[in-house]
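These notes concern the structure reproduced below.
The values are calculated or read from the model by the stated rules, or taken from the named source; none is laboratory data. In this text, all values refer to a predicted model and were calculated from it rather than measured experimentally. We place every Cβ from the backbone using ideal geometry, glycine too, and count neighbours over all the protein chains shown. Heads up: the accessible areas ignore ligands, DNA and RNA and are worked out on the full protein's heavy atoms, side chains in. Shrake-Rupley method; radii C 1.70, N 1.55, O 1.52, S 1.80 Å.
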Amino acid sequence: MARRSSILFKFLALLMVFGLVAAACGNDDDSEDDGALKVALLLPGVRNDNSFSQAAYEGLRDAVAEDGNVETEVLEEIIDPTDSLPALRDFASQEFDLILGHGIEYVDPIQQLYAEFPDVAFSMTGGILVPGSVTAGNVVDWLYNVQDMAYPNGILAAKAVIGETIGIVGGPEFDFVKTMHQSFRDAALSVNPDLNFLEGFAGSFVDVQAAAEVTQQLIDQGADFIYCSGDGICIGAAQTASAAGIPLSVGFGSQEQTAPDVYLAATVIRMKDLYLDFFNQVRTGTFGTADGEVHAVGEEGYVFYPGGIFNAQVEVLPVNMAATVDTAVGLDELQAALDELVASIEAGEFAIPFPG
Amino acid sequence: MADVVADGDLDDVRPTTPADEERRLTTSLSTSVLAVLIALVIGGLILLMSGENPLTAYSAMVDGAFGSSFALGETLSRAAPLAIVGYGTAVALRAGLITIGAQGQVVAGAIGALLTAQFFENAPSAVAIPAAALGGALFGMAWVLIPALLRARFNVNEILSTLLFTEFAALLIEYLLNNPLKPPTAITPQSEPYPKNGILGLVVDGTRFHFGVFAAFAIGIAFVWWIRSDRGFSYDLYGENPSLAQSLGISSNRVIINSLLISGATAGLVGWMQAAGLLQRVYVQIASDIGFFGLVVAFLGGATAGGVLVAALLFGALQSGGLAMQSSEGIPASLSDIIQALLLLGFSIRYAPQIIRLTRGVMANFTLIGKRRA
Amino acid sequence: MSQLLEATFWSATVAGGMRLATPLIYASIGETFAQRAGVLNLGLEGYMIIGALSSLYVADPTSAPLGFLVGGLAGMALASLMVLLSIRLFANQVVVGFGLTILGIGTTGYIFHETTDVGGRDRQVSLPSEIDIPLLSDIPWLGDAVFGHSWYTWLSLGLVIVAGFVASRTIFGLQAKAVGEDPDAAAAKGVDVLRIRTQATLISGFLGGLGGAALMLGSVGRFQPYLTANRGFIALIVIIMASWSIWGAAVGAFVFGFFEALGFNLNNVFVDVPIEGLNAIPFFVALVILTVSARWARMPRGLGQNYVPTV
């Protein structure tokens, strides 16, 4: 016992020595202060997930290109709650001006950190849903309307489907996933009350084969249209729908590449304008609560930025005109139906109801 | 006597014979260092090929593990649960049982701790904190009870049954956090905040070094006491030679059930620590990969008191450093995983003569080729 | 509930079970060889995911069969680290296995990360068409479910026959078993323990890689990080459930796949049962099978222990 642990101790000592040497050699490239805004983005997934994380990545990339005076750092795959606080803290202590925590996993750590770093602006996602969350002079809250990622798909599905059965494929059975499915059903039934629905869950956001199999089962049970509410797993749904010649629409991100023949449309999140707005607010010192004080959820003064079709933070992608799958009405007509929906929302004539 | 057993190799949770001892190759520091250096160099080359400066990357890693009081707090608060799981797993390993279910028991422990803490929401902290710790440990124990009984009664393989119970725990926590334990407004799985009166305070402000970390030392001391006690010795004996142990009157069922229950209780305690100390809320990923890495720590540390502690510290450092490498150097998580995996593999090697012989063999082949060409 | 009385419900579930079983069959047969020889390969998940990525990256510009083969070779390459570290350098098998799983997931994630442009085209293959067995696939109800599958499934069934033969009828197979039971005794009879273990581990790497490749090319067609979603560990469950028998592993893989598919399907039958409960079905079945088979199951006695030859 003594022998081995002493060896391991020496290991550790050696590693520390090595590290100190390395630390002495490597000099931190502290960028000179050229007035550029330093922005950090934390993502739960990879930047090319074709979904929620990619939306933020692209939004930041485009916003930076338009702004021209911003330095960015992007940190991907921070989904373990044990990791999110130290990662955020590292950015905050590197004196970033703005930290975008793009995911509900960053709400708690931002709540724990913001007071310690009053000069750093934090944007969190979905704090409004977490009881006790606060916004402050350096914390704001953003969330998209989940129903906006499903309702247009439901309208599309009801118009496009030949038959009366629609299959819905989800990842894990989370509340927001169930909410999306319900909104999808509400929309489809508003067009055609005779439709009926089958529903399946792959159980996770990564198990593509399970999603493919769930989709196949729904098709075998008679589904004539597939709506996939997830992201990466929708690759499986798209492949299966393509093989079966069944039309498809997607909640998060296009599957046009996977299934150019059957994919019809999708909804995506667009963050660019909000991020440009944030850059501006940080520069002019208007970021955060109006009075600079702390305000909890439900209080007057809580700073919440909702996103949706109404402010173009959710975009309904154009119908895939190259699709070869049979649909009940022409692709042009589908596009017209979606355009009409979006126009009525933008004009303030219609708001997609939150289901339930 | 206990020391004789404790001095065993980490592979020898199985019976060993004098012949084994005789041919056991000596461990030398130089090999181990060589192996880690090779891992560092390979990792460095990969970093270099990816356009990163290996020295800056490694220094960011060390900095993130030891460079500040916050970093040290991170390393300690990650090492402590690994050490505790490691000790619990080591108890089972020494009795000849390979339980890979700690992951599920940590999850169960977190649920147990949360439910207990919610029950004692209005009690003074002096009651609520120990009660929740006990609740966590009991849930962890409960989660291994069926595999333990199945193994004792029907000789059902514990590697598999504990793995299955890990799967059940993952599904259970997903269900609970999506339904009964979820705050009504939340749309992703998580619990209500952990009750304030049950939260473990910080040892050093501005870090995550909480008082729960000391549980690792307590468990470490208990582990030393255990392996030196008569009972611990009899369990070791059972692990080494079950039939001999049985002929000496040691009950097979008792060894199996007790050592698995001990491992379950420690893993459950870790669930409590993570919920009440580090995260102060229960998430689906509450166990991170502590259960699995705790197992690795137990093996790497040779199921000995000092070995497990050092291996846990190494792992804690590797994890906090790996994360810092991402946030301060912009290195993708996947690349950081590669570096961590390489270092883990490097640390796993402990025998010198083979490396030297291997190098010699390769050299010999080269010389041969050279000669043939000439 | 009425769906449960319909033959199509069950035939769809059987077909789904076979599709889900296909990658598991490759992986679990390979791992059975390794474990029979005494090597506990916890790196299986790593072999599978690296096989999945490599097969796609080769099949996309060339052809699926070539990609499939390369997937197997990639798994074997990762397994050669297991050979080097655990078999030749006596590092602990559990530690190295976990290390290789992390290495495989990290490597594939990193390659995908670096080779994919955001918003650009991902590498992709289209899924294979079904090959129906003539006549048999025309049997009503179950015919198409059992006899209409892609060549990856047919090949996996062929593999079962070959592997069953190799394991029980060849010198290698018998030596592997001897080495896994009692390496000292085997060595005393002149068997080169390390060589046999090396071969068995490489086989498991190759078949694990093929399993990942079959998953990728047969039912997914495009890469995502963590795509194998613990199927490597499920293959481990299958092997132990099958008591280290090749035929058993194939049957076990199907049983697991069948109940997994059943869980998916029952979601529309028992609407009120939470999905987590349905997803637990295959694991629960595995526990029952494990308990029942424990009477006669015997783990290779040398499993997980390194063999250090007398110098």
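Within segment A:117-132, the residues that satisfy the criterion of being within 19 Å of A:Leu42 (Cα to Cα) and of a type in the set (Gly, Ala, Ser) are A:Ala121, A:Ser123, A:Gly126, A:Gly127. Of the candidates C:Ala34, C:Ala15, the single residue that is out of contact with any Pro (no Cβ under 6 Å at 6 or more places or on another chain), in a helix (DSSP H, G or I) and under 20 Å from C:Val193 (Cβ atoms) is C:Ala34. Only a single item in (1) at pLDDT 95 or above; (2) open to solvent by less than 70 Å² (accessible area, probe 1.4 Å) is not met by A:Gly292, and it is number (1).
So, of the residues in segment B:324-333 that are at the interface with chain A (Cβ under 8 Å from one of its Cβ atoms) and at negative phi, which turns out to be surrounded by the most Cβ atoms within 10 Å (Cβ to Cβ)? The extreme case among them is B:Gln326. Checking B:Tyr175 against (1) among the aromatic types (Phe, Trp, Tyr); (2) at the interface with chain A (Cβ under 10 Å from one of its Cβ atoms); (3) surrounded by fewer than 18 Cβ atoms within 10 Å (Cβ to Cβ), which single condition isn't satisfied? B:Tyr175 satisfies all of (1) among the aromatic types (Phe, Trp, Tyr); (2) at the interface with chain A (Cβ under 10 Å from one of its Cβ atoms); (3) surrounded by fewer than 18 Cβ atoms within 10 Å (Cβ to Cβ) except (3).
If I ask for residues that are facing chain A (nearest Cβ under 9 Å) and either outside any helix (DSSP H, G or I) or under 17 Å from A:Pro81 (Cβ atoms) (or both), which ones from segment B:307-323 would you list? B:Gln319, B:Ser320, B:Leu323, listed by residue number. Here A:Phe176 meets the list (1) out of contact with any Pro (no Cβ under 8 Å at 6 or more places or on another chain); (2) closer than 23 Å to A:Gly236 by Cβ; (3) open to solvent by less than 20 Å² (accessible area, probe 1.4 Å) almost entirely, failing just condition (3).
Only one entry of A:Phe278, A:Phe201 meets the criterion of being hydrophobic (A, V, I, L, M, F, W, C), crowded, with 21+ Cβ neighbours inside 10 Å and away from every other protein chain (no Cβ under 13 Å), and that entry is A:Phe278. If we keep just the residues of segment C:71-85 that are within 14 Å of C:Gly205 (Cα to Cα) and over 16 Å from the mean Cα position of the chain (by Cα), which is surrounded by the fewest Cβ atoms within 10 Å (Cβ to Cβ)? Looking at the filtered set, the residue picked out is C:Ser80.
Of all residues in segment C:108-129, exactly one satisfies the criterion of being open to solvent by less than 20 Å² (accessible area, probe 1.4 Å), among the hydroxyl-bearing types (Ser, Thr, Tyr) and part of a helix (DSSP H, G or I), namely C:Thr108.
Checking A:Arg61, A:Arg47 one by one, the residue that is among the basic types (Lys, Arg), at pLDDT 95 or above and open to solvent by 50 Å² or more (accessible area, probe 1.4 Å) is A:Arg61 and no other.
Would you check if there is a residue in segment A:55-76 being polar (S, T, N, Q), more than 7 Å from every other protein chain (Cβ to nearest Cβ) and out of contact with any strand residue (DSSP E or B) (no Cβ under 7 Å at 6 or more places or on another chain)? For segment A:55-76, residues polar (S, T, N, Q), more than 7 Å from every other protein chain (Cβ to nearest Cβ) and out of contact with any strand residue (DSSP E or B) (no Cβ under 7 Å at 6 or more places or on another chain): absent. Yes or no: B:Leu93 in a helix (DSSP H, G or I) and either closer than 13 Å to B:Ala303 by Cα or within 12 Å of chain A (Cβ to nearest Cβ) (or both)? Criteria met by B:Leu93. Annotation: of all residues in segment C:288-297 being assigned to a loop (DSSP other than H, G, I, E, B) and within 9 Å of chain B (Cβ to nearest Cβ), the one that is farthest from C:Leu194 (Cα to Cα) is C:Arg295. Under the condition of being in contact (Cβ under 8 Å) with a residue 12 or more places away in the chain, part of a helix (DSSP H, G or I) and open to solvent by less than 50 Å² (accessible area, probe 1.4 Å), the residues counted in segment B:49-65 number 8. Filtering B:Pro183, B:Pro124, B:Pro189 for residues that are surrounded by fewer than 17 Cβ atoms within 10 Å (Cβ to Cβ) and within 14 Å of chain A (Cβ to nearest Cβ) leaves a single hit, B:Pro183. Could you please let me know if B:Glu167 is within 12 Å of chain A (Cβ to nearest Cβ), within 22 Å of B:Tyr283 (Cβ to Cβ), buried (at least 23 other Cβ atoms within 10 Å of the Cβ) and of a type in the set (Asp, Glu)? Yes: the conditions hold for B:Glu167. The residue that is modelled with the lowest pLDDT, among those in segment C:277-308 that are under 18 Å from C:Phe33 (Cβ atoms) and among the aliphatic types (A, V, I, L, M), is C:Ala297. Do the conditions hold for C:Pro225, that is, is it farther than 29 Å from A:Phe205 by Cβ and open to solvent by 10 Å² or more (accessible area, probe 1.4 Å)? So C:Pro225 fails the test. Among the residues making up segment B:81-104, those that are under 17 Å from B:Ile221 (Cα atoms) and under 11 Å from the mean Cα position of the chain (by Cα) are B:Pro81, B:Leu82, B:Ala83, B:Ile84, B:Val85, B:Gly86, B:Tyr87, B:Gly88, B:Thr89, B:Ala90. Looking across segment C:114-139, the residues that are touching a residue at least 60 places away in the same chain (Cβ under 8 Å) and not hydroxyl-bearing (Ser, Thr, Tyr) come down to C:Asp122, C:Arg123, C:Gln124, C:Val125, C:Leu127, C:Pro128.
Inspection of segment C:86-93 identifies no residue that is over 27 Å from C:Ala178 (Cα atoms) and in a loop (DSSP other than H, G, I, E, B). Within segment A:295-305, being open to solvent by 50 Å² or more (accessible area, probe 1.4 Å) and part of a loop (DSSP other than H, G, I, E, B) holds for A:Val297, A:Gly298, A:Glu299, A:Glu300.
Restricting A:Gly222, A:Gly171, A:Gly163 to those that are open to solvent by less than 20 Å² (accessible area, probe 1.4 Å) and not β-branched (Val, Ile, Thr) reduces the list to A:Gly171.
If you check A:Ala241, A:Ala237 for being part of a helix (DSSP H, G or I) and in contact with a Cys (Cβ under 6 Å, 6 or more places away or on another chain), only one passes: A:Ala237.
Restricting attention to segment A:74-112, the residues that are of a type in the set (D, E, K, R) and assigned to a loop (DSSP other than H, G, I, E, B) add up to 5.
If we scan segment A:265-274, do we find a residue that is within 14 Å of chain C (Cβ to nearest Cβ), surrounded by fewer than 16 Cβ atoms within 10 Å (Cβ to Cβ) and not in a helix (DSSP H, G or I)? For segment A:265-274, residues within 14 Å of chain C (Cβ to nearest Cβ), surrounded by fewer than 16 Cβ atoms within 10 Å (Cβ to Cβ) and not in a helix (DSSP H, G or I): absent. Scanning segment A:208-241 for residues that are more than 23 Å from the chain's Cα centre (by Cα) and more than 7 Å from every other protein chain (Cβ to nearest Cβ) yields A:Leu218, A:Ile219, A:Gly222, A:Ala223, A:Asp224, A:Phe225, A:Thr240, A:Ala241. In segment C:232-278, of all residues being surrounded by fewer than 24 Cβ atoms within 10 Å (Cβ to Cβ) and under 12 Å from the mean Cα position of the chain (by Cα), the one that is nearest to C:Thr13 (Cα to Cα) corresponds to C:Phe254.
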